[in-house]
Amino acid sequence: MDNLAWAGWLAALAPDVRAEAMALRDKFAALGAEDPEGLTRVEMDEGVPHLARFRLLRALWSEHIDPTRDSAATWIANARREHQRNPGRPFSDAGKVLLRLVDELGVSPEEIGTLARWVAFETIFGVLYRLDEPDLAEDDVPEMLQEQLPSWLLVEVTGRDLVPTGRTLVGLHEDLLGLDSSGRDGPPELPVE
């Protein structure tokens, strides 16, 4: 949102609402949102919990998607140590494959990190899609039973006491790619050979 539109929108607000908007805008900016003014305006005008959405999606990228690429050498070394210490642990077969890729096939940690980042993205996207669409027909569940099964809803909460605001977080899978910390929405930095 451009500065003129933001200033005009702010000027039209009551003083207490204007202060709330500025505080919300500052939170978006502190978290690194690309368009803190635009997100603030949509949240305030439409009641969409964009700050909660942004916070969740940003955390998923920074804690679960990017580290698979950025720390690949470290987690490969950890997998090697863990495989030597406890070869029968859960997913030890994956550790063996990982070490074979590096040791026998010469795949670089960067290449493995790129692949792992994609797998992490696809997994998180799938979970968010399922959270967003709890009523999707399940092939292995009879239709009559599907109507009787519980479902779920992701709701925004505030404070340490986790007080529900009554606003739901929906469409998260639709915005996940847009929070790619590289700013490229997923494409590689260099052309793929």
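The values are calculated or read from the model by the stated rules, or taken from the named source; none is laboratory data. Just so it is clear, the model here is predicted, and its values are computed rather than measured. No Cβ is skipped: glycine too gets one built from the backbone with ideal geometry, and neighbour counts run over all protein chains shown. The protein model used for the area step is the full one, side chains on, heavy atoms only, and it has no ligands, DNA or RNA in it. Shrake-Rupley method; radii C 1.70, N 1.55, O 1.52, S 1.80 Å.
In table form, for the structure just shown:
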| item | result |
| --- | --- |
| Accessible area of the chain divided out per residue, in Å², using a probe of 1.4 angstrom | 67 Å² |
| Order by protection proxy (mean Cβ within 10 Å, highest first), peptides 124-133, 37-46 | 37-46, 124-133 |
| With Cα atoms, 0 to 90° folded angle of helix 50-60 axis to the chain main axis | 10 degrees |
| Accessible-area composition of region 20-120, carbon plus sulfur, in percent [1.4 Å probe] | 55 percent |
| Around residue 87: net Lys/Arg minus Asp/Glu count, Cβ-Cβ under 14 Å | +4 |
| Theoretical gain in end-to-end length, residue 147 to residue 46 [0.36 nm per residue, Cα-Cα removed] | 33.3 nm |
| Isotropic mean projected area of the C-alpha convex hull, the chain (nm²) | 16.9 nm² |
| Net charge of neighbours whose Cβ lies under 12 Å from the Cβ of residue 21, counting Lys and Arg as +1 and Asp and Glu as -1 | -2 |
| Estimated 222 nm signal from helices in the chain, with DSSP H stretches of n ≥ 4 weighted -39500 (n - 2.57), rounded to 500 | -17500 deg cm²/dmol |
| Order by protection proxy (mean Cβ within 10 Å, highest first), peptides 1-14, 62-75 | 62-75, 1-14 |
